[in-house]
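J.: Before I ask anything, here is the structure I am working with.
The values are calculated or read from the model by the stated rules, or taken from the named source; none is laboratory data. Note that the structure is predicted; figures quoted are calculated from it, not measured. Every residue, glycine as well, gets a Cβ built from its backbone with ideal geometry; the counts of neighbours run over all protein chains shown. Just the protein is used for accessible areas: all its heavy atoms, side chains included, with ligands, DNA and RNA removed. Shrake-Rupley method; radii C 1.70, N 1.55, O 1.52, S 1.80 Å.
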Amino acid sequence: MNTQPAEDLPNCRLFLVPPSGMDADIIAACLAAAAGAGDVACLVLPADKALTDKVMPIAQQADIAVLITDDSRFAAYEKADGVHITTGTDDAVAAHKTLGRNASVGLVASGSRHAAMEAGETDIDYIAFDLTSPAGVDLLTWWVPLFEVPCVGLGATDETACLDAIASGADFVMPPAAMWSSADEAARLARTLTAAGNRSAA
């Protein structure tokens, strides 16, 4: 259990998830801009070879972990860093067996605090909470002071919601979809959210 106050936690880093169906060139440009302006920890991509071929080299050059959504075999084939599981705890456990202990496996939590606690007792590397619902916000704020497994705030609809998640002690936060509107906006949001997440400067 982790009983540290939020200000004593590690810095909150950026967890990038491009909108579904977005053009690979736009993703690449926004990723490069965000990586140059802020502290980007992770990029989550679908199992799409054309997209990974275009974007993964940019992420790897910037030392950004690349995770594939729900497809361990594709992640292994593409030599990604791990998987981002949205389909349940059993699939997260299976992913570690497929990819090995060196791979990063994260899980999107759903449901109750009890379900989140059960997920946290597995070997997952992070747990993610959906900030689009009040229940997800509640789970994140409840999780931070109690558990050692890092948590991610996903799905914030705007910059303010991201800042609220950072203030609540999230280890990682997903910038809003506006980040992918242009390279300039990607850089601005990355810079702003990284500064807010720099708890060592507080």
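J.: So, Cys30, is that one open to solvent by less than 10 Å² (accessible area, probe 1.4 Å) and farther than 23 Å from Ile124 by Cβ or not?
T.: It is true that Cys30 is open to solvent by less than 10 Å² (accessible area, probe 1.4 Å) and farther than 23 Å from Ile124 by Cβ.
J.: Does the range 121-139 hold any residues that are in a helix (DSSP H, G or I), of a type outside the set (A, V, I, L, M) and out of contact with any Leu (no Cβ under 9 Å at 6 or more places or on another chain), and which are they?
T.: Pro134, Asp138
J.: Hey, another quick one. Is it true that Ala62 is within 21 Å of Thr194 (Cα to Cα), open to solvent by 40 Å² or more (accessible area, probe 1.4 Å) and in contact (Cβ under 8 Å) with a residue 12 or more places away in the chain?
T.: Yes, satisfied.
J.: Continuing with the same structure: Would you tally the residues in the range 70-103 being among the small types (Gly, Ala, Ser), in a helix (DSSP H, G or I) and over 19 Å from Cys151 (Cα atoms)? Steps first, answer last, please.
T.: Applying the first criterion (among the small types (Gly, Ala, Ser)) to the range 70-103 yields 72, 75-76, 80, 82, 88, 92, 94-95, 100, 103.
Next, only the ones that are in a helix (DSSP H, G or I) stay: 72, 75-76, 92, 94-95.
Applying the additional criterion that residues be over 19 Å from Cys151 (Cα atoms) yields 72, 75-76, 94.
Within the range 70-103, residues that are among the small types (Gly, Ala, Ser), in a helix (DSSP H, G or I) and over 19 Å from Cys151 (Cα atoms) number 4.
J.: Here's a follow-up. Looking only at the range 65-88, filter to residues that are polar (S, T, N, Q) and buried (at least 19 other Cβ atoms within 10 Å of the Cβ); which one of those is farthest from Val108 (Cα to Cα)?
T.: Ser72
J.: Which one of these is small (Gly, Ala, Ser), closer than 11 Å to Trp180 by Cβ and in contact with a strand residue (DSSP E or B) (Cβ under 8 Å, 6 or more places away or on another chain): Ala34, Ala29?
T.: From the options Ala34, Ala29, the qualifying one is Ala34.
J.: Right, something else. Do we find a residue being modelled with pLDDT of 95 or more, open to solvent by 30 Å² or more (accessible area, probe 1.4 Å), part of a helix (DSSP H, G or I) and on the phi < 0 side of the Ramachandran plot anywhere in the range 144-159?
T.: Looking through the range 144-159, at least one residue is modelled with pLDDT of 95 or more, open to solvent by 30 Å² or more (accessible area, probe 1.4 Å), part of a helix (DSSP H, G or I) and on the phi < 0 side of the Ramachandran plot.
J.: Restricting the range 1-27 to residues that are in a helix (DSSP H, G or I) and modelled with pLDDT of 95 or more, which is surrounded by the fewest Cβ atoms within 10 Å (Cβ to Cβ)?
T.: Ranking the qualifying residues of the range 1-27, first place goes to Asp25.
J.: Just to verify a result, which residue in the range 160-180, among those that are without any contact (Cβ under 8 Å) to a residue 60 or more places away in the chain and open to solvent by 20 Å² or more (accessible area, probe 1.4 Å), is farthest from Pro18 (Cα to Cα)?
T.: Asp164
J.: Okay, next question. If I go through the range 33-56 residue by residue, how many of them are part of a loop (DSSP other than H, G, I, E, B) and either at positive phi or open to solvent by less than 60 Å² (accessible area, probe 1.4 Å) (or both)?
T.: The qualifying residues number 3.
J.: I've got another one for you. Residue under question is Ile64, and the condition is that it be touching a strand residue (DSSP E or B) at 6+ places or on another chain (Cβ under 9 Å) and among the aliphatic types (A, V, I, L, M); does it hold?
T.: yes
J.: Criterion first (at pLDDT 95 or above, farther than 18 Å from Asp123 by Cα and more than 16 Å from the chain's Cα centre (by Cα)) does Asp39 satisfy it? So that I can check it myself, show each step before the final result.
T.: Numbers: at pLDDT 95 or above: yes; farther than 18 Å from Asp123 by Cα: yes; more than 16 Å from the chain's Cα centre (by Cα): no.
The answer is no for Asp39.
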